[in-house]
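J.: Supplied in structure tokens, the structure appears directly below.
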Amino acid sequence: MTPRALLPGVTGAVALVVFGLGARAAAAQDVLRAIEQTGIVRLAVRPDVEPFSHLDERSGRYEGYSVDLCRAVVRHLGAALERDLRVEPVEVTALNRFAALREGQADLLCEATTVTVERPISENVDFSMMTFVTGGTFLYREGTLEKGQAGTGKIGAVTGTTASDAMRAQNASASGGGPGEPQVYFRDYDQAAEALAAGRIDLLLGDRLVLERLLKAQDGLGEDVALSERFLSYEPYALALPAGARELRYHVDRTLADLYRSGEIGKLVLRHFSIAEVPRDLATMFRLNALP
């Protein structure tokens, strides 16, 4: 068969690919139109990553730093679209959070989401400008592991987080020094905390602020559980949204830049993290992203 004979099939295949890409792009752009028509903004939230996103059992509402950022976006959208908007929470896990955006179940992801160079491609989603900076570390049971150094203890992590990636990178590096890769994975942090309290794992990987709140909230973890002072990874957070939703991303970034420039972001940080002042590195990040 000659190359010329292949051309019709190749042309058809290319046309299908182009059509598919065009359809996905159109669907992404329809996100803002759907919000305008329905008056509903679907926020993907998690119940277990305080202080970024958690379910308040007393009020039955989802609260947190990232949730409040998303609510600010909703207020901005309401003003821009000149209509009242209602928030519809969509509970997700670390494992299915990006799928909720891809499959059209949610419009905005509001939790502890690390943005990486690869994730827009590997997860087929878009990200806002940065919203927070923290680092990966671990809770460990004293005596089982030598203050989190490599040992024989069983290591756990929440499925779908960047903790296991950080450990693989640590162990693959020339210096090493990481506590090891996870052997046990959990659906969420509450389930992981129960395993740590019961002694089924000896070390739990995660982002520092999430683990810090977990340690304070879970009295049943035991007096022998401590939070490591070491940082194993750099974790920049952002809000995630459907890939190609350019108009929605404009409104998200516009909201964030306005919060950063006005100084209102500082009030949110102080309230949700119970600290006296905004850390210097975080304040610098806000200033750098206070776009006009």
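The values are calculated or read from the model by the stated rules, or taken from the named source; none is laboratory data. Quick caveat: nothing in here was measured; it's all calculated off a predicted structure. Cβ sites come from the backbone with ideal geometry, for glycine too, and all protein chains shown count toward neighbours.
J.: Can you give me the number of residues within region 51-81 that are charged (D, E, K, R) and either within 19 Å of Lys267 (Cα to Cα) or part of a helix (DSSP H, G or I) (or both)?
T.: Going through region 51-81, the residues charged (D, E, K, R) turn out to be 56-58, 61, 63, 68, 71, 75.
Those still in the list that are either within 19 Å of Lys267 (Cα to Cα) or part of a helix (DSSP H, G or I) (or both) too: 63, 68, 71, 75.
Of the residues in region 51-81, 4 are charged (D, E, K, R) and either within 19 Å of Lys267 (Cα to Cα) or part of a helix (DSSP H, G or I) (or both).
J.: Looking at (1) crowded, with 18+ Cβ neighbours inside 10 Å; (2) outside the structural domain of Ala112 (by TED's automatic domain parsing); (3) not β-branched (Val, Ile, Thr), which is the only condition Ala243 fails?
T.: (2)
J.: Here's a follow-up. Going through Leu227, Leu203, Leu248 one at a time, which residue ends up being closer than 20 Å to Arg71 by Cβ and either under 21 Å from the mean Cα position of the chain (by Cα) or not assigned by TED's automatic domain parsing to the domain that holds Pro120 (or both)?
T.: On the way: Leu227 fails: closer than 20 Å to Arg71 by Cβ; Leu203 fails: closer than 20 Å to Arg71 by Cβ.
So the residue among Leu227, Leu203, Leu248 that is closer than 20 Å to Arg71 by Cβ and either under 21 Å from the mean Cα position of the chain (by Cα) or not assigned by TED's automatic domain parsing to the domain that holds Pro120 (or both) is Leu248.
J.: While we're on this one: Which helices (runs of 4 or more DSSP H) does region 196-292 wholly contain that include 1 or more residues that are at pLDDT 95 or above? Talk me through it step by step, then tell me what you get.
T.: Values: elements: 208-217, 246-262, 264-273, 280-288.
Counting at least 1 such residues, we get 246-262, 264-273, 280-288.
J.: Does region 67-81 contain at least one residue that is among the charged types (D, E, K, R), surrounded by 23 or more Cβ atoms within 10 Å (Cβ to Cβ) and in contact (Cβ under 8 Å) with a residue 60 or more places away in the chain?
T.: Our first condition is that a residue be among the charged types (D, E, K, R); within region 67-81, this holds for 68, 71, 75.
Add one more test, that the residue is surrounded by 23 or more Cβ atoms within 10 Å (Cβ to Cβ), and what stays is none.
The answer is no; no qualifying residue exists.
J.: Among the residues of region 91-106, which ones are surrounded by fewer than 18 Cβ atoms within 10 Å (Cβ to Cβ) and in contact with a Gly (Cβ under 6 Å, 6 or more places away or on another chain)?
T.: Across region 91-106, the qualifying residue is only Leu95.
J.: While we're looking at this one, here's another question. For region 82-93, indicate whether the set of residues that are assigned to a loop (DSSP other than H, G, I, E, B), within 28 Å of Leu270 (Cβ to Cβ) and out of contact with any helix residue (DSSP H, G or I) (no Cβ under 9 Å at 6 or more places or on another chain) is non-empty.
T.: Narrowing region 82-93 to residues assigned to a loop (DSSP other than H, G, I, E, B): 82-85, 92-93.
The next check asks that each one be within 28 Å of Leu270 (Cβ to Cβ); those that pass are 85, 92.
Next, from what is left, pick out any that are out of contact with any helix residue (DSSP H, G or I) (no Cβ under 9 Å at 6 or more places or on another chain): none.
No; the residues of region 82-93 include none that is assigned to a loop (DSSP other than H, G, I, E, B), within 28 Å of Leu270 (Cβ to Cβ) and out of contact with any helix residue (DSSP H, G or I) (no Cβ under 9 Å at 6 or more places or on another chain).
J.: Let me ask something additional. Among the residues of region 171-195, count how many are out of contact with any strand residue (DSSP E or B) (no Cβ under 8 Å at 6 or more places or on another chain) and either assigned to a loop (DSSP other than H, G, I, E, B) or modelled with pLDDT under 85 (or both).
T.: So the count comes out to 8.
One line per residue, one yes/no per condition, for (1) crowded, with 24+ Cβ neighbours inside 10 Å; (2) modelled with pLDDT under 95; (3) of a type in the set (A, V, I, L, M, F, W, C):
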site: Pro89; (1), (2), (3): no, no, no
site: Leu108; (1), (2), (3): yes, no, yes
site: Ile121; (1), (2), (3): no, no, yes
site: Thr131; (1), (2), (3): yes, no, no
site: Phe138; (1), (2), (3): yes, yes, yes
site: Arg141; (1), (2), (3): no, yes, no
site: Lys147; (1), (2), (3): no, yes, no
